[in-house]
Amino acid sequence: MALLDLLEISKAYETQKILVEVDFFIQEGERIAIIGKNGGGKSTLMKIINGSLAPDEGRRIVQNGVKIEMLSQNPHFEESVTVREAIENELKELKNAKLAFDETLGKLSYDFENKELLKKQEELSKFLDIHNAWNLDDKIERVLQEFSLKEYEHKAVNLLSGGEQRRVTLAGLILKKPDILLLDEPTNHLDVYMVAFL
């Protein structure tokens, strides 16, 4: 079963047809390259896959629970956010779940027979297991090293080069472990090391 199906997708901007009755699917474990000329609809197709743009016609079907993330051509960051903060922001949901788990565990130490708290602890534990989110700080450290960002971790992202900013964004997306990771113009502004990594 495909993670995602696009069926007879069409999209136009004003009178210019960009996509006409496109069928497309992504299976688990596949690596797919979409190649075409500038203005040919590659970015439009990726935005439809990502769900950030609706097609004019056709259907987009995503299997339940499938997470899709996209590295845009030009990532945007708040002015003062540091490299470490930008990566941590991508993991906000997981960090909040870990905090809630720790808080629930603390409450259970005083009220260990509370069924509601026990159920909440079990649900949070499963969520953290599924996302392998028990050691987020260690994962952030590893990705800072792997993406050659450690020396910049306390520097504002907007002071970095375009390639370094894309590495920051990609590092955060990789940590989220999406089922489908879309890379729009993936080699733009990236150095040889990062192109080889991809």
Answer from A2, A12, A54 - the residue that is at pLDDT 90 or above, among the aliphatic types (A, V, I, L, M) and over 24 Å from the mean Cα position of the chain (by Cα): A12
Scanning for something closer than 30 Å to Q63 by Cβ, under 21 Å from the mean Cα position of the chain (by Cα) and not aromatic (F, W, Y), does the stretch 145-154 turn up at least one residue? yes
Might you let me know whether the stretch 151-166 holds any residue that is at pLDDT 85 or above, closer than 20 Å to P75 by Cβ and touching a Gly at 6+ places or on another chain (Cβ under 6 Å)? no
Being at pLDDT 90 or above, part of a helix (DSSP H, G or I) and of a type in the set (A, V, I, L, M) narrows it down to one residue among L181, L175, L128; which is it? L128
Go over the candidates E93, E116, E57 one by one and state the one that is acidic (D, E) and assigned by TED's automatic domain parsing to the domain that holds V20. E57
Pairs where the first residue, in the stretch 174-191, is closer than 16 Å to E90 by Cα and surrounded by 15 or more Cβ atoms within 10 Å (Cβ to Cβ) and the second is basic (K, R) and at pLDDT 85 or above, C-beta under 6 Å, 6+ apart: L175/K139; D179/K67
Under 6 Å between Cβ atoms, at least 6 apart or on separate chains: pull out the pairs that start in the stretch 13-38 with a residue that is in the same structural domain as R60 (by TED's automatic domain parsing) and end on any residue that is of a type in the set (D, E, K, R). I18/K11; L19/K11; E21/E8; F25/D5; I34/K42; G36/K42
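The values are calculated or read from the model by the stated rules, or taken from the named source; none is laboratory data. Only a predicted model underlies this, so the values are computations on that prediction, with no experimental measurement involved. Cβ atoms come from the backbone with ideal geometry, glycine included; neighbour counts cover every protein chain shown.
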